[in-house]
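Quick notes on the structure that follows.
The values are calculated or read from the model by the stated rules, or taken from the named source; none is laboratory data. The structure displayed is predicted, hence computed values, not measured ones. For neighbour counting, all protein chains shown are included, and Cβ atoms are generated from backbone atoms with ideal geometry for every residue, glycine included.
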Amino acid sequence: MTRSATVPNPARRAGSGGVVLRAVLDDGPIARSTVARRTGLSPATVSTASTDLVECGLIRELPEVAGPTGLGRPHVPIDLDTGRFLVAGIHLAYTHTTVALLNVRGEVEARARLAHTGDPAAVLDRAAVQLLALAADRGGARLLGVGFAAGGWVDSASGTIVDHPLPGWAGVRVRDELERRTGLAVRIDSHARALIEAERLFGERRTRDSVALLFVGNVVDAAFATGDDVHQGPRAAAGAIAHQPVDSDVVCGCGRVGCFEATLSDRAVLREAMLRGIVDRPVFDDLLRLALAEHGPARELLIHRAFQVGRAVARLADLLDPEVIVVCERGVNQVPGCLDAARAGFAASSSVPRGTAEILVASSFPGLSLPVSAGAVILGELYRYPVATVRELAGASV
């Protein structure tokens, strides 16, 4: 569970409002009686929770419809109200910042990409200005808060990027800086933990029980969740696997040989692609476009990486035994053949029976993982305790 300074008890769980809101997210429009039947809550509890959710603007009532047989009392379906609130997401990557607005269904309604210029204060200032400009263009929807996600070591309780080596951020109090610039509540987390939150909310339902996630981009990190808990660890450092060993003779900047990130990150693959003459500049989109256009060497390079990623994922599976493992890696997510290659690498290396390699799946958000992960930092909190979160973030008048 994401911790923050404004959520003092990290052990609390979603109450009936969260259960009802999640049921509406999954199956809406849906009748209250169906929500009660599927969740095990009493009809009275569902009715009370639904009334609270309508009043705070998270769900809406639709026109009455007749029962399935045309007999009996008509019912009033309920569904998410995606027009009342938006959340903002800011994602810090190696070379750029993504700023986005998402509705409560996790759908990206607007986004912008900003190249990094200047120190952390300048980057945050530009992101805040862009965020407020996007919100002004959206009209009537109210902005609930800002989710911020980044690689590296992120402490959500203090709202601080403890250490993110690639952009060179260390000890940056992101939450305080963004709250001062935007006037909005801000939550921050590592992007792997934020992505796993997004998968649990908006991805396939197998992720609800237990899920591990591996992110492979310019940075490499991981996350693990069981039930309603996304594991952070006592120092908020869970998921740091960049220097785990893989089968490689690549020398890492840490001085060791065969570190995961130094061998299989986007930066490492681009170096190899340039050495082979596949691309002439270190831009991953160039390599991806070639692979999608059936350029043999580009496609082979990404398929090889996918196989090695699958082998690395096997270690997570053997250690954690999750229901499903999500791989967020651009080849696996977008290039035909890469998911099969990752599953083959998994099957070759895991002690899990070979026929179950399908527990490895691609991200639910190809091309959108950065903005969705950032927005999920706020949305995860919203879906756990919706009424309290709306009142806290939007004010007592809601």
Check: Hey, among the residues in region 381-398 that are outside any helix (DSSP H, G or I) and of a type in the set (S, T, Y), which one's modelled with the highest pLDDT?
Finding: Y385
Next item on the list: Restrict the check to region 4-14 and report whether at least one residue is out of contact with any Leu (no Cβ under 8 Å at 6 or more places or on another chain), crowded, with 16+ Cβ neighbours inside 10 Å, in a strand (DSSP E or B) and modelled with pLDDT under 95.
Entry: yes
Notebook entry, point to check: If you go through region 359-375 one residue at a time, do you hit one that is without any contact (Cβ under 8 Å) to a residue 24 or more places away in the chain, more than 30 Å from A135 (Cα to Cα) and out of contact with any helix residue (DSSP H, G or I) (no Cβ under 7 Å at 6 or more places or on another chain)?
Noted result: no
Next item on the list: Tell me which of these N218 doesn't satisfy, since it passes every other one: (1) polar (S, T, N, Q); (2) assigned by TED's automatic domain parsing to the domain that holds P120; (3) in contact with a helix residue (DSSP H, G or I) (Cβ under 7 Å, 6 or more places away or on another chain).
Entry: (2)
Notebook entry, point to check: Looking at region 156-173, which of its residues are hydrophobic (A, V, I, L, M, F, W, C), farther than 23 Å from D229 by Cβ and at pLDDT 95 or above?
Noted result: W169, A170, V172
Note to self: I'm told D247 meets every condition in (1) buried (at least 18 other Cβ atoms within 10 Å of the Cβ); (2) of a type in the set (D, E); (3) at pLDDT below 95 except one. Can you identify the failing condition by its number?
What the structure shows: (1)
Margin query: I need a count of the residues in region 102-122 that are surrounded by 13 or more Cβ atoms within 10 Å (Cβ to Cβ) and either of a type in the set (A, V, I, L, M) or in contact with a Lys or Arg (Cβ under 8 Å, 6 or more places away or on another chain) (or both).
Written below: 7
Checklist line | Matching residues, region 201-215, being outside any strand (DSSP E or B) and of a type in the set (G, A, S) | finding: G203
Checklist line | Every residue from region 126-140 that is surrounded by 15 or more Cβ atoms within 10 Å (Cβ to Cβ) and more than 27 Å from L201 (Cα to Cα) | finding: R126
Next item on the list: From the list E179, E197, pick out the single residue that is surrounded by 22 or more Cβ atoms within 10 Å (Cβ to Cβ) and either closer than 27 Å to C259 by Cβ or without any contact (Cβ under 8 Å) to a residue 60 or more places away in the chain (or both).
Entry: E197
Checklist line | Subset of region 16-68 (residues that are under 27 Å from R142 (Cα atoms), of a type in the set (S, T, Y) and in contact with a helix residue (DSSP H, G or I) (Cβ under 9 Å, 6 or more places away or on another chain)) | finding: S16, S47, T48, S50
Check: in a strand (DSSP E or B) and either hydrophobic (A, V, I, L, M, F, W, C) or touching a residue at least 12 places away in the same chain (Cβ under 8 Å) (or both): does that describe I303?
Finding: no
Checklist line | Subset of region 123-176 [touching a Lys or Arg at 6+ places or on another chain (Cβ under 6 Å) and of a type in the set (A, V, I, L, M, F, W, C)] | finding: A128, A157
Notebook entry, point to check: Can you tell me which of D285, D318, D266 is touching a residue at least 60 places away in the same chain (Cβ under 8 Å) and out of contact with any Pro (no Cβ under 7 Å at 6 or more places or on another chain)?
Noted result: D266
Checklist line | Matching residues in region 242-260 - criterion: being without any contact (Cβ under 8 Å) to a residue 60 or more places away in the chain and either closer than 15 Å to A149 by Cα or β-branched (V, I, T) (or both) | finding: V250, V251, V257
